[in-house]
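One structure is given below, encoded as structure tokens.
The values are calculated or read from the model by the stated rules, or taken from the named source; none is laboratory data. Please read all numbers here as calculations on a predicted model, not as lab measurements. No Cβ is skipped: glycine too gets one built from the backbone with ideal geometry, and neighbour counts run over all protein chains shown.
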Amino acid sequence: MKLITWNTQWCRGLDGLVSPKRIVEHARSMADFDVLCLQEIAQGFDGMAGSPGDQPAELAKLLPGFRLFFGPAVHEITERGREQRFGNLIATRLPVSRVQHHLLPWPADPAVGSMPRMCTSVTLRSPGLGALRVMTTHLEYYSASQRSAQAEALRALHAEGCAQAAAPPTPELPADLGTPFQPKLHTQQAILCGDFNMPPSDPAYAAVQQPFSLTDGSQHALHDAWRAQYGSGATHAPTFRLFDRRYGPEPVACDFVFLSDSLVPRLRRIEVDGATQVSDHQPVLVELG
């Protein structure tokens, strides 16, 4: 299974051109992906640079054979009644069982401007891997306290998913087929990816990977795929500020892929495209087999 995660800056390149088509074409040049996770997708925010328009609709046309799931972290109504949405999107050609949109914590921090953040989770079936949750997110940039709370929430979401998979309803309970109470597909296999807006030295990076125990005594954790592939002390390839230094003087890695325990041995490769400039972030490709 091949997955690409990419903060697209509402599909705006460093040349100022807004083009979902360029994003999709470049992702396809990297790999024949099964899952595409995009952050900073806009809908209705015509006042933003480049007037992005309805990007979920554009992307749907560009990805025939894929199902798209757009999770807006920001959903606002203007004074004129116009809806504006901004958030994350997962596109996949694999069979999907369940979709969840989780709002992440947004504690007050009066020292900075900020916006709501969320995590979209799609439970799908991969022919080679079985059932797994693909979770994509984009954490707060300006507030360390908000980002820390959001990282803890992501770990908690994975812990909840693992607990659900370990303790399904007993067979004696009625199935309630055809109702919202019908049995759900739960799995302890998960990929968490996106723009975490922090370097590996940030305490929140370690918090995401903090191990936890279930009531059955089993131990679980999420693991950074880059260091699983290249070694625990490996330096990440930078994914931000390679070409545009408005947000800092040095390139930094802040776009990560985390894997659940059973997926770590299935990791075949993880790569960062350090050349493209069709966004201010670099895309990350991961392949599992």
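Among the criteria (1) in contact with a helix residue (DSSP H, G or I) (Cβ under 9 Å, 6 or more places away or on another chain); (2) basic (Lys, Arg); (3) assigned to a loop (DSSP other than H, G, I, E, B), the one ARG246 does not fulfil is (1).
Quick one: in segment 17-41, which of the residues that are farther than 28 Å from ARG125 by Cα and among the hydrophobic types (A, V, I, L, M, F, W, C) is farthest from the chain's Cα centre (by Cα)? The extreme case among them is LEU17. Considering only residues in segment 229-258 that are among the small types (Gly, Ala, Ser) and on the phi > 0 side of the Ramachandran plot, the one that is modelled with the highest pLDDT turns out to be GLY231. Considering every residue within segment 8-16, establish whether at least one is within 21 Å of PRO127 (Cβ to Cβ), surrounded by 17 or more Cβ atoms within 10 Å (Cβ to Cβ), in contact (Cβ under 8 Å) with a residue 12 or more places away in the chain and of a type outside the set (Ser, Thr, Tyr). Within segment 8-16, not a single residue is within 21 Å of PRO127 (Cβ to Cβ), surrounded by 17 or more Cβ atoms within 10 Å (Cβ to Cβ), in contact (Cβ under 8 Å) with a residue 12 or more places away in the chain and of a type outside the set (Ser, Thr, Tyr). Restricting to segment 17-39, what's the tally of residues that are in contact with a Cys (Cβ under 8 Å, 6 or more places away or on another chain) and either part of a helix (DSSP H, G or I) or touching a residue at least 60 places away in the same chain (Cβ under 8 Å) (or both)? Number satisfying all stated conditions: 5. All but one of (1) touching a residue at least 12 places away in the same chain (Cβ under 8 Å); (2) over 18 Å from the mean Cα position of the chain (by Cα) hold for ALA234, so report the exception by its number. Checking ALA234 against (1) touching a residue at least 12 places away in the same chain (Cβ under 8 Å); (2) over 18 Å from the mean Cα position of the chain (by Cα), the one that fails is (1). Among the residues of segment 239-286, just one is loosely packed, with under 15 Cβ neighbours inside 10 Å, touching a Lys or Arg at 6+ places or on another chain (Cβ under 7 Å) and over 16 Å from LEU14 (Cα atoms), namely GLU250.
Pairs are defined by a Cβ separation below 6 Å, a sequence spacing of at least 6 or placement on different chains, a first member in segment 108-124 that is within 19 Å of LEU94 (Cβ to Cβ), and a second member that is modelled with pLDDT under 95; the pairs so defined are THR123/LEU185. Scanning segment 40-49 for residues that are without any contact (Cβ under 8 Å) to a residue 60 or more places away in the chain and of a type in the set (D, E, K, R) returns a single hit, ASP46.
When we screen ARG82, ARG28, ARG67 for residues that are surrounded by fewer than 16 Cβ atoms within 10 Å (Cβ to Cβ) and more than 25 Å from ALA275 (Cβ to Cβ), the only hit is ARG82. Applying the condition of being assigned to a helix (DSSP H, G or I) and either out of contact with any helix residue (DSSP H, G or I) (no Cβ under 9 Å at 6 or more places or on another chain) or modelled with pLDDT under 95 (or both) to segment 213-228 and asking which residue is surrounded by the most Cβ atoms within 10 Å (Cβ to Cβ) yields TRP226. Filtered by the rule that a residue be charged (D, E, K, R) and touching a helix residue (DSSP H, G or I) at 6+ places or on another chain (Cβ under 7 Å), segment 104-133 gives ASP109, ARG117, ARG133. Taking segment 59-107 as the range and being within 17 Å of the chain's Cα centre (by Cα), of a type in the set (A, V, I, L, M), part of a loop (DSSP other than H, G, I, E, B) and under 17 Å from ASP32 (Cα atoms) as the test, only LEU94 passes. Of all residues in segment 68-120, those that are under 19 Å from LEU192 (Cα atoms) and either at pLDDT below 95 or out of contact with any strand residue (DSSP E or B) (no Cβ under 6 Å at 6 or more places or on another chain) (or both) total 2.
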